[in-house]
1. Contour minus end-to-end for T81 and N15, with contour as 0.36 nm per residue of separation and end-to-end as the Cα-Cα distance?
2. For K115 and D64 in one chain, what is 0.36 nm times their gap in residues minus the Cα-Cα distance, to one decimal in nm?
3. Please work out, to two decimal places, the log10 of the ratio I(q)/I(0) at q = 0.10 Å⁻¹ from a Debye calculation in which every Cα of the stretch 1-133 carries one identical scatterer.
4. Based on the Cβ-Cβ distance from E101 to A49, what FRET efficiency comes out when R0 is 25 Å, to the nearest 0.05?
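Please treat every number below as a calculation from the coordinates, not as lab data. This one's a predicted model, so the numbers in the text were calculated from it and none came from an experiment. All Cβ positions, glycine included, derive from the backbone under ideal geometry; neighbour counts span all protein chains shown.
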Amino acid sequence: MKFKIKSETLLKGLNIVSKAVPSKSSTAILENVHFDLKGQLLRVTGCDAEITLRHVMQTTEATDDGAVCINGSYLVELLKTLTKCEVTITYNQGDPTVTCEWSSGKSTLPAFDAKDYPTVKTPAKTGNSISFKEKTLSDGLAKTINTTVRTNKLELSGKIDSANTVHLYSGQYDSTAMAGLHAVVDVQNGDTA
């Protein structure tokens with residue numbers, strides 16, 4: 001897996017999903033951010049077993065698809081020290097490290113097998129359709145499950161299935177899903193495909 005991305009784009013995505021990454025967990029893999037590269041799109045996911053946040057970003061260059069888990073807090077701290085620049089992330093399947101390179105330096109971070117990260121199920125596309133404005137959804141979630149969803153003026157839509165499970169989506173189906181106290185939130189910024 002190898003890709004190039006603007007440091008500020010990656011930092012923004014990691015800041016979004018890191019809100020769902022616990023500092024300590026009985027499931028150690030959840031203390032990391034899941035990176036999944038397909039083509040030019042990088043999907044980062046943070047999960048604490050109750051809330052899952054995903055963010056999709058456009059890379060500037062990608063050569064090999066793949067997935068890996070990286071400690072997000074280490075990477076966030078590294079990216080905060082960089083001025084706006086392009087960063088190259090390289091991971092060779094099976095290696096215990098990820099290499100992060102930029103114009104004036106290089107860092108190696110611990111890497112973990114993405115196969116150990118929990119699979120987030122996508123809800124079925126059945127049921128009745130409902131729509132929420134971002135503020136309405138954020139206020140409702142804050143009152144019902146003590147969390148908030150922050151997106152940039154994003155209109156969310158959703159579905160209610162026969163089991164009264166609410167499935168929420170943004171854009172073309174790929175954004176938000178909630179079932180009981182478990183929520184899956186994909187946030188795409190305006191500059192992604």
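1. Length gained between T81 and N15: 22.3 nm.
2. Taking 0.36 nm per residue and subtracting the Cα distance, the gain is 16.6 nm.
3. Evaluating at q = 0.10 Å⁻¹ gives log10 I(q)/I(0) of -0.32.
4. Given R0 = 25 Å and the Cβ-Cβ separation, E is 0.15.
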